[in-house]
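Remarks on the structure that follows.
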Amino acid sequence: MRILFHGWNFRRGISVTLLCLYVAATSSLAGPADRDGLSSDRQAAPSVQIPQDNVLKDDVSQSGEIAGAKKKASDELPQVPLTNELLYQILSADIAEQRGLDIYAYETMLDVAKETKDPRLARRAAEIAVSQRKAEEALRAVRLWHRLAPESEEAEKYLFGFLVLDNRLDEVKEIFATKLADTTSNEERVSLFFQLQQVLAGTKDKSDAFAVMEDVLSPYLNMPEAHVSLAVSALLKKDSVRAQEEAKKALVLKPDSEMAVLTYAQAVSNTTEASAILYGFLEKYPESREVRISLARLLVGQKQYDRARHEFEILLKSDSNDLTALYSLGLLAIQQNDYTAADTYFQSYLENAGKEQKTAEQKQHETTQVLFLLSQIAEERHQYDKALQWLSQITLDDDDEVTLGVEIRRAQIYAKKGDIKRARAIIAELEKQNPYERERLLLTEAQILKEVGKPQEALTVLKAGLDEFPDNTSILYDYALTAENLGQYELMEDLLRRIITLDSRHQQAYNALGYSLADRNIRLDEAYTLIDKALKLAPDDPYITDSMGWVLFRQGKLEKAEQYLRRAYAVRADNEIAVHLAEVLWVKGERQEAKSLLWQVRKNDPESKLLQETLSRLGVRF
């Protein structure tokens, strides 16, 4: 656990302390005689147990406050008499902190904690030290907190955090070695293995962390989990050879260990070998869900979408309600333009989402994502009313980003329905409600206008935006593409070169300029250089790969052009990429495959302008 001082923001609660003292002072509960050596005048005061919830708040706040000292039933808080002196000390510490006298506040609170043996006051002293970024003082207070509340998981967690922060790994080693020796339960030992692994993850020197792991786990190497922990620790210090050795040892002890095989696959040098390891494991243990999910995700990363889809389908066959499989299959279907299948998977996801044991917030977040995707699918299929219906099912709460996203999508869909007036009215209202989203909404309005065939109006909107945000590369880029759409090539080129001057790594600007030159069949060497630069910046981008194929086609390099276009189409089955690949194949004489591709595009988007132009140019008829 890494503790960052600058990320913590503490509440300063004098009112909390006053409330605590008020409750304590008015309490009539009797307590035992002072067992901490307090003077006789203190013993005459009423003895009370200070209410835990009022001295310190128990929960971790979003701002990063130290969590409360959660107690087990066996952890008894001290019974202390509330004397005038004790009251004065606590109040003076709290007031001193309010006035910036943090050293005095810390020392006083720590002294009171030692005197009363109350862990909550030790924790409060730690808070004061942390707020002043004093690591050594914080560690002193946390040590006391842990000593006074040895069963507190929170105290222990923060003790480990500060020990790691101060690089006191020998102490960490001693604590864990003792814990492991004191238990006879293998289940508890496994838990301690992984706890130690998490604690050491925050160390600066991963080699030192690995040495601690080796020493602590050496008596338990007959347990596969010990080797898995060592393998993970070796990976953190970038020792893949040792990581593989430890993972293999774990698999010898427990051949069906999912954790061991997943760690082994992670440790190998390339994804092809990792895939082979996971395939081999699944041949022996086909019911291993986590390994199959990892394999499928690995295949997605390799752009092997058909194989990934097959693995998720196997998961779905074993459990038709598997939400991970349904969601992943839906995304893969969208990637492959299989909107019918994607729609089916996502609707099935919604039907089963309520059955999972998750918080209401988690369910709402995931359902919102799926409803957005279903709306997108309906929009792609020109089912605009259905797209709006899906959006209407999204619950709008305090999340401004979700509300804004829903309203923007509604505007875009109304524009596609032909109701441009309503679409622009939605955008105008959003601008009033969200003045800080002006740039995003301006781009949305321009996009809407372009989609409904009003590029000149879009250009006017973008020109106004550029006057307001002169160096905004997003507006410059949209302005350039709109200018190209209107045949204003000189303006387009000036704008794209300006983007490149502002951001020399803006791959889309290089690509757009290079593609425009290639598409117009001019300055092809320059076009190639620009696209090559873009591809080096984003080697896996299917659209830039498509541009490279297209410029090579224009240069007459048909074989290379086909290679790039096939690679792009394998990653993204996009209609424009398909049309480009079809034209190359047609020119090469492979007309059957070319016609098959063009037919598929016609089926997906019969109104495609690029398709119509290509069919006319090639003289293709269906």
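Overview of values
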| item | result |
| --- | --- |
| Relative contact order for the chain, counting Cα pairs under 8 Å that sit 6 or more residues apart, in percent | 5 |
| Sites GLN195 and TYR88, calculated FRET efficiency, Cβ-Cβ separation with R0 25 Å, nearest 0.05 | 0.05 |
| GLU439 paired with ASP256, simple spin-label distance in nm, labels 7 Å along Cα-to-beta-carbon | 5.5 |
| Region 405-432 versus region 313-387: alpha-carbon centroid distance in Å | 25 |
| Helix 258-267 axis, angle to the chain major axis (alpha carbon atoms, nearest 10°) | 60 |
| Student exercise, the chain dipole from Lys, Arg, Asp, Glu Cβ charges, in Debye to nearest 20 | 1440 |
| Positive-end residue, region 522-616 charge dipole about Cα centroid, Cβ charges, pick of ALA538, ASN604, LEU615 | LEU615 |
| Rounded tilt (10° steps) of 339-353 against the dominant C-alpha axis of the chain | 20 |
| Positive dipole terminus of region 448-518, leading residue within TYR479, LEU491, GLY514 (C-beta point charges) | GLY514 |
| Exceeding the 21 Å Cα-Cα cut-off - candidates LYS206/LYS536; LYS254/LYS317; LYS317/LYS355 | LYS206/LYS536; LYS254/LYS317 |
| Label of the coordinate-derived value, Kirkwood radius over Cα pairs in Å, listed as (1) 26.1; (2) 30.3; (3) 35.5 | (2) |
| Dipole axis of the chain (+1 Lys, Arg; -1 Asp, Glu on Cβ), positive-most option in ASN575, THR178, GLN383 | ASN575 |
| Region 527-622 - charge dipole about Cα centre, Lys and Arg +1 at Cβ, Asp and Glu -1, debye rounded to 20 | 240 |
| Computed [θ] at 222 nm, deg cm²/dmol, the chain (DSSP H ≥ 4; -39,500 (n - 2.57); rounded to nearest 500) | -23000 deg cm²/dmol |
| Crossing angle, helix 507-519 versus the chain [Cα axis fit, 0-90 degrees, rounded to tens] | 10 |
| Rh (Kirkwood; distinct C-alpha pairs) - region 156-273, Å | 14.4 |
| GLU188/ILE103 FRET efficiency (R0 41 Å; Cβ-Cβ; nearest 0.05) | 0.50 |
| Hits among lysines - C-alpha to C-alpha of LYS204 under 30 Å, sequence gap 8 or more where chains match | LYS70, LYS134, LYS157, LYS173, LYS179, LYS237, LYS238, LYS248, LYS249 |
| Cα centroid of region 183-215 to Cα centroid of region 148-182, whole Å | 11 |
| Nearest-20 debye value, region 243-332 charge dipole, Cβ charges on Lys, Arg, Asp, Glu | 120 |
| Candidate lysines - alpha carbon under 19 Å from LYS450, same-chain residues fewer than 8 apart omitted | LYS416, LYS417, LYS421, LYS463, LYS609 |
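Read the figures in this text as sums done on the coordinates, not as results from a lab. A quick note: this is a predicted structure, and the numbers were derived from the prediction, not measured. Note: ideal-geometry Cβ built from the backbone for every residue, glycine included; neighbour counts use all protein chains shown.
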